[in-house]
Amino acid sequence: MMYMQNKQILILNKMKIILDKKYYKSDSINNGRIIARFFENLAANIFRQAYKYSVENQKITGQAELPLIFGERNIYSTIAVAINEITPIHISEWAFNPSQHSNIEKSRRVDFWCLNKDGENGTPLNYFIEIKKGWYCLNKASNVAFQAVINKDIVDLVQQTKDLKSISPEWDDLDDVFLGISIIHGYYDDDKLYYNEHNVRENIYKNLDIDSNLQLITSTWYIPSDLESQWDKSKCKFITIAGIVTNKSNDGK
């Protein structure tokens, strides 16, 4: 493991993973360090499961495809496996109903909920997780900004995360963590690689509502060269998992 300012590089089974905390202030929210560790473990588990999928699929079919370049609903099983590596207590598509929560007008669902205790004497926390899936062109001729549809997904994810906080379930009188996750793969054409994961991070950060005390943490897996070729013309250089985090701030709000 190598450390840089607000960044650490992990080498896990030949997997290069970059954890970036430039816009994550752990002291601004309750249990900030615990949440960061949870996100770091979750992202690494997602990457490991995706890599296992690719290796085993290649053995059987001859194709080294990566599930994390697929659509949102296609990757739920990968995320569920990753959560299960941390805690067996998890549920997908949980519904919140107006009859149970007077502060919402209509029923809504959260993609994942899990309960995790950080160590033997740690603090148990409820994690409510929303998922979005996107992509980003790394070619120099492309715009530095996200495509409109991806940018809208980030805006929606920010709002979903804030909406969960407004519901504030507080099951079993435990503290809640509201985590919006965006999984974005960066692709490029040969000899046209220009942008990187920093551009992905900045595009997400500019959509955060800073007044709501949202924190941003990202984890990026740089794909091994033998797995980059996923399409006829383009290659997948990396996959970034961004976590948009909120809960009670340290002033109790």
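Coordinate-derived values only; no laboratory data. Note that this is a predicted model, so its numbers are computed, not measured. Cβ sites come from the backbone with ideal geometry, for glycine too, and all protein chains shown count toward neighbours.
Among the numbered criteria (1) surrounded by fewer than 17 Cβ atoms within 10 Å (Cβ to Cβ); (2) under 21 Å from the mean Cα position of the chain (by Cα); (3) farther than 20 Å from I83 by Cβ, which one does D191 miss?
So the condition that D191 fails would be (2).
Kindly provide the set of residues from region 32-66 that are in contact (Cβ under 8 Å) with a residue 24 or more places away in the chain, out of contact with any Leu (no Cβ under 6 Å at 6 or more places or on another chain) and part of a loop (DSSP other than H, G, I, E, B), ordered by number.
Correct list: E65, L66.
Output the number of residues of region 167-203 satisfying the condition of being part of a strand (DSSP E or B) and farther than 10 Å from T240 by Cβ. If you could, list the steps in order and put the result at the bottom.
Residues of region 167-203 that are part of a strand (DSSP E or B), as a first pass: 176-189, 193.
Next cut, farther than 10 Å from T240 by Cβ only: 176-181, 187-189, 193.
Number of matching residues: 10.
Determine which member of the set S168, S225, S182 is among the small types (G, A, S) and more than 22 Å from A43 (Cβ to Cβ). Break it down stepwise before answering.
Numbers: S225 fails: more than 22 Å from A43 (Cβ to Cβ); S182 fails: more than 22 Å from A43 (Cβ to Cβ).
That would be S168, the only listed residue that is among the small types (G, A, S) and more than 22 Å from A43 (Cβ to Cβ).
Suppose the filter is closer than 18 Å to G32 by Cβ, in contact with a helix residue (DSSP H, G or I) (Cβ under 8 Å, 6 or more places away or on another chain) and surrounded by fewer than 20 Cβ atoms within 10 Å (Cβ to Cβ); does N213 pass it?
Numbers: closer than 18 Å to G32 by Cβ: yes; in contact with a helix residue (DSSP H, G or I) (Cβ under 8 Å, 6 or more places away or on another chain): yes; surrounded by fewer than 20 Cβ atoms within 10 Å (Cβ to Cβ): yes.
The answer is yes for N213.
With respect to the numbered conditions (1) farther than 20 Å from D27 by Cβ; (2) surrounded by fewer than 18 Cβ atoms within 10 Å (Cβ to Cβ); (3) out of contact with any His (no Cβ under 9 Å at 6 or more places or on another chain), which one is the sole condition not fulfilled by D175?
Evaluating D175 over (1) farther than 20 Å from D27 by Cβ; (2) surrounded by fewer than 18 Cβ atoms within 10 Å (Cβ to Cβ); (3) out of contact with any His (no Cβ under 9 Å at 6 or more places or on another chain) leaves (1) as the failure.
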